[in-house]
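As structure tokens, the structure follows; a few thoughts come after it.
No value in this document is a laboratory result; all are computed from the given coordinates. Nothing here was measured: the structure is a model prediction, and the numbers come from that model. Cβ placement follows ideal geometry from the backbone for every residue including glycine, while neighbour counts extend to all protein chains displayed.
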Amino acid sequence: MTTQTELQFFGFWAESLEPLFKQYGTRKHPLDYQNRYQLVVMVILSAQDSDKHINELAESFFATYPTMESLSRATVEDLHQKLGSVRNFGNKSKWLMAIAQEVKNDAHIPTTLEELTKLPGIGRKSANVIIRESGGKAEGIIVDLHVVRVAPRIGIASGTNPEKIEKQLMQTVSQERWNEAGMAISFLGREICRPSNPKCNLCVMREVCAYYKDIEANIKQK
Ligand code: SF4
């Protein structure tokens with residue numbers, strides 16, 4: 001049963017997240033993809049690498065492999081040659097080949113979290129990104145390394161385990177905002193709430209942020 005305190009907590013965050021949704025909620029992901037096939041490939045390639053780097057090699061990669069079908073005919077050597085500068089390119093090449101050989105056609109790329117996470121190299125975070133960017137119905141919330149840092153700072157979640165943070169966010173944010181929530185917190189982390197020296201004076205979450213309240217309290221004590 002939901003307690004009065006829990007109801008107040010949900011109500012508080014429902015209102016407090018609005019400025020964040022307003023600023024970042026519908027902004028497109030930084031990966032510069034042109035269709036769902038490219039989105040899936042680029043999401044896999046960008047894990048532990050940078051979106052900027054993957055955007056830079058996308059044009060050449062997709063000129064050679066414009067569809068899932070063409071990718072299914074690639075060899076490991078071909079992909080290693082194309083993807084040699086990508087972090088963990090060996091595993092990523094294997095995953096892309098396995099996905100292309102299984103899916104075969106762009107029109108058959110899965111749409112649900114369950115189906116997407118059955119594909120090699122696609123975990124919950126990647127599946128949530130693919131669903132959000134495809135305009136699908138959210139089944140979870142994107143928790144990338146920025147969200148793992150920022151959500152506990154704000155005070156809307158705790159710990160460092162991405163799956164636990166995702167569960168906490170899903171319990172706090174209403175489902176119709178799930179697609180917006182993860183990327184909005186991630187954009188805040190990319191642009192404002194950096195690992196060191198967060199730009200709190202520019203932050204729309206300053207009024208409610210636990211980390212900022214601690215900073216203010218420490219300043220007053222001095
Ligand atoms: S107020 Fe500061 S610490 Fe809190 S979310 Fe914003 S930038 Fe991060």
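The gain in end-to-end length when the residue 4 to residue 21 segment is fully stretched comes to 3.6 nm, 0.36 nm per residue minus the alpha carbon separation. Would you please name the trypsin sites (Lys or Arg not before Pro) within region 1-78 that are DSSP coil residues with at most 13 other C-beta atoms within 10 Å of their C-beta? Passing both the DSSP loop test and the Cβ count: 27, 28, 73.
Dipole orientation for the chain: of the candidates 157, 47, 209, 209 has the Cα lying most toward the positive pole (charges on Cβ; Lys, Arg +1; Asp, Glu -1). A Stokes-Einstein calculation at 10 °C with viscosity 1.306 mPa s, built on the Kirkwood radius of the chain over Cα pairs, returns a diffusion coefficient of 85 µm²/s. The value of relative contact order for the chain, using C-alpha pairs under 8 Å at least six residues apart, is 22 percent. The slack between residue 75 and residue 134, meaning 0.36 nm per residue of separation minus the straight C-alpha distance, is 18.4 nm. Along the positive direction of the dipole of the chain (beta-carbon charges: Lys, Arg +1; Asp, Glu -1; about the Cα centre), which of 97, 121, 187 reaches farthest? Of the candidates, 187 comes out farthest on the positive side.
So what is the relative contact order for region 36-133, in percent, with contacts set as C-alpha pairs under 8 Å and at least six apart?
Numbers: 86 pairs, mean separation 32.4, N = 98.
The value is 33 percent.
When all alpha carbon pairs of region 111-167 are counted in 10 Å bins from zero, the resulting P(r) reads 26, 47, 25, 2 %.
Gyration tensor over the Cα atoms of region 36-133: the corresponding equivalent ellipsoid has semi-axes (square roots of 5 times the eigenvalues, largest first) of 19, 15, 12 Å. Under the convention that each Lys and Arg Cβ holds +1 and each Asp and Glu Cβ holds -1, the size of the dipole of the chain around its Cα centre is about 580 debye. Note on residue 63 and residue 51: their simple-model spin labels are 2.5 nm apart, each label 7 Å out from Cα toward Cβ. Each part gets one Cα centre, and for region 65-81 versus region 1-32 those centres are 40 Å apart. In summary, the lysines within cross-link reach of residue 222, defined as a Cα separation below 20 angstrom excluding same-chain residues under 8 places away, comprise 213. Charges were assigned to the Cβ only: +1 to each Lys and Arg, -1 to each Asp and Glu. The resulting dipole of region 36-133 about its Cα centre is roughly 240 debye.
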